[in-house]
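Trainee: Provided herewith is a single structure, encoded as structure tokens, for subsequent inquiry.
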Amino acid sequence: MYSPGRQTHRQTRLKHYYPAYAGGTEKHNLIFFMAAVHAPFPTGLCRCLKCDNLCAWSADVRTVNNQHYIVVDSTLPGRIIVKPHPKPLSYDGWVKKEKIYCKQCGQDWGIKAIYKSVPCCVIKIISFVIVDPCEKRSWCKKWKSVNFPVAELSDQDMMDLVEFETERVSQINGEV
Ligand SMILES: [Zn+2]
């Protein structure tokens, strides 16, 4: 039986052994696919529909009320371009002020938002192809159709997102 705690533990373990996996060398991806084949639940990679750039490992996707899907991965900013949202929105604890695009091809991936004061990236499933450990590729119109489990965003995830943003900002400031 799938449980978010188990997924988090597995994700931590994999990141410990293969910290560069999300950087996306093919060798690392292969290692992860091999690990994923033996995972206790289905897994996959969300790749850009247009250029195949890696967006997220399925274990890093979380949902808020099965309406918003967030990536909890400190390496995501390296794979995206952020631009102002043409029509900024604020509602139900969400502030959506920016859009995110694939760094390689410019495909619209979703929105950079603030949720309950926490910065996060909300991705839309139609912009991606899901690649399973056997290299089977599938395109889903709706998140509820994906073949991997998606855990609800937890307090720990929120803390991780804050930490990622703090690290990101301090890196930027350090470079100036
Ligand atoms: Zn792309």
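The values are calculated or read from the model by the stated rules, or taken from the named source; none is laboratory data. A quick note: this is a predicted structure, and the numbers were derived from the prediction, not measured. Cβ sites come from the backbone with ideal geometry, for glycine too, and all protein chains shown count toward neighbours.
Trainee: Just to be sure I understand the filter: pairs with C-beta atoms under 9 Å, separated by 6 or more residues or on different chains, first member in region 81-94 and more than 13 Å from VAL64 (Cβ to Cβ), second member of a type in the set (Ser, Thr, Tyr). Which pairs pass?
Mentor: Taking only residues 6 or more apart or on different chains, the pairs are ILE81/TYR101; VAL82/TYR101; LYS83/TYR101.
Trainee: Hey, among the residues in region 68-84 that are at pLDDT 95 or above and surrounded by fewer than 16 Cβ atoms within 10 Å (Cβ to Cβ), which one's farthest from the chain's Cα centre (by Cα)?
Mentor: Going through the qualifying residues, I end up with PRO84.
Trainee: While we're looking at this one, here's another question. So which residues in region 83-113 are within 16 Å of the ligand (Cβ to nearest atom) and in a strand (DSSP E or B), if there are any at all?
Mentor: Of the residues in region 83-113, the ones within 16 Å of the ligand (Cβ to nearest atom) are 83, 99-110.
Matches in region 83-113: LYS83, LYS99, ILE100, TYR101, CYS102, ASP108, TRP109, GLY110.
Trainee: Now, a different point. Starting from region 100-112, keep only residues that are closer than 19 Å to LYS87 by Cβ, then list their pairs with residues that are in a loop (DSSP other than H, G, I, E, B) and within 8 Å of the ligand (Cβ to nearest atom) whose Cβ atoms are within a distance under 7 Å, requiring at least 6 positions of separation or different chains.
Mentor: TYR101/GLN107
Trainee: Further question: What is the residue count in region 41-57 for residues that are modelled with pLDDT under 90 and not in a strand (DSSP E or B)?
Mentor: Total satisfying the criteria: 4.
Trainee: Follow-up. Kindly indicate whether any position in region 122-130 is of a type outside the set (Val, Ile, Thr), more than 19 Å from VAL82 (Cα to Cα) and in a loop (DSSP other than H, G, I, E, B).
Mentor: Within region 122-130, the first condition is being of a type outside the set (Val, Ile, Thr), and the residues that meet it are 124, 127-128.
With the extra rule that they be more than 19 Å from VAL82 (Cα to Cα), the set shrinks to none.
No, every residue in region 122-130 fails to be of a type outside the set (Val, Ile, Thr), more than 19 Å from VAL82 (Cα to Cα) and in a loop (DSSP other than H, G, I, E, B).
Trainee: Shifting gears a bit: Looking only at region 38-53, count every residue that is buried (at least 21 other Cβ atoms within 10 Å of the Cβ) and either more than 16 Å from the ligand (Cβ to nearest atom) or free of Cβ contacts under 8 Å to residues at least 40 places away in the same chain (or both) and tell me the total.
Mentor: Count: 2.
Trainee: Only one of these is crowded, with 18+ Cβ neighbours inside 10 Å and charged (D, E, K, R): ASP132, ASP92. Name it. Before you say what the answer is, go through the steps one by one.
Mentor: Numbers: ASP92 fails: crowded, with 18+ Cβ neighbours inside 10 Å.
None of the other options fit; the residue is ASP132.
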